[in-house]
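Everything below concerns the one structure shown next.
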């Protein structure tokens, strides 16, 4: 069954998410993908996958994706975040993670959990 997967990564984690997406292109291309602007653009450019881009995270993209989660329009959140880096939009990030828990959607924060979630979608 086709799912909508949100792909987000903090600056220090973007390359990790791109590499992860490259390693899982066959599965990812079977689903609808979206992400915050910089991450979505980077993944699209480096993999050829079609990734819908919301605004960048600091400009409201995290909130846009959170709203889609609250509306039941996102099924999976893959969010590689850096727990050691403070971000000016930390409240938005926390709200996004809170919404994913409240909506009871699979949420992955690193390659290991993302692999588990993707294996479930096979």
* Asked: If you go through segment 89-100 one residue at a time, do you hit one that is in a helix (DSSP H, G or I), closer than 22 Å to residue 2 by Cα and over 14 Å from the mean Cα position of the chain (by Cα)?
  -> no
* **Count of segment 17-27 residues which are assigned to a helix (DSSP H, G or I) and more than 12 Å from the chain's Cα centre (by Cα)** => 6
* Qualifying positions in segment 28-56 - closer than 14 Å to residue 78 by Cβ and either assigned to a loop (DSSP other than H, G, I, E, B) or at pLDDT below 95 (or both) -> 31, 36, 49
* Asked: How about segment 57-80: which of its residues are at pLDDT 95 or above, over 19 Å from residue 16 (Cα atoms) and not in a helix (DSSP H, G or I)?
  -> 71, 72, 73, 74, 75
* Specify which of the listed residues (9, 21, 53) is surrounded by 16 or more Cβ atoms within 10 Å (Cβ to Cβ), in contact with a strand residue (DSSP E or B) (Cβ under 8 Å, 6 or more places away or on another chain) and free of Cβ contacts under 8 Å to residues at least 24 places away in the same chain. => 53
* Sole exception among (1) surrounded by fewer than 17 Cβ atoms within 10 Å (Cβ to Cβ); (2) in a helix (DSSP H, G or I) for residue 83, by number -> (2)
* residue 46 surrounded by fewer than 22 Cβ atoms within 10 Å (Cβ to Cβ), in contact with a helix residue (DSSP H, G or I) (Cβ under 9 Å, 6 or more places away or on another chain) and on the phi < 0 side of the Ramachandran plot -> yes
* more than 20 Å from residue 111 (Cα to Cα), surrounded by fewer than 22 Cβ atoms within 10 Å (Cβ to Cβ) and out of contact with any helix residue (DSSP H, G or I) (no Cβ under 8 Å at 6 or more places or on another chain), is that true of residue 59? -> no
* Which one of these is within 13 Å of residue 17 (Cβ to Cβ) and out of contact with any strand residue (DSSP E or B) (no Cβ under 7 Å at 6 or more places or on another chain): 111, 91, 83? -> 111
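The values are calculated or read from the model by the stated rules, or taken from the named source; none is laboratory data. Predicted model only: the values in this text are computed from it and were never measured. So basically every Cβ, Gly included, is an ideal-geometry build from the backbone, and we count neighbours across all protein chains shown.
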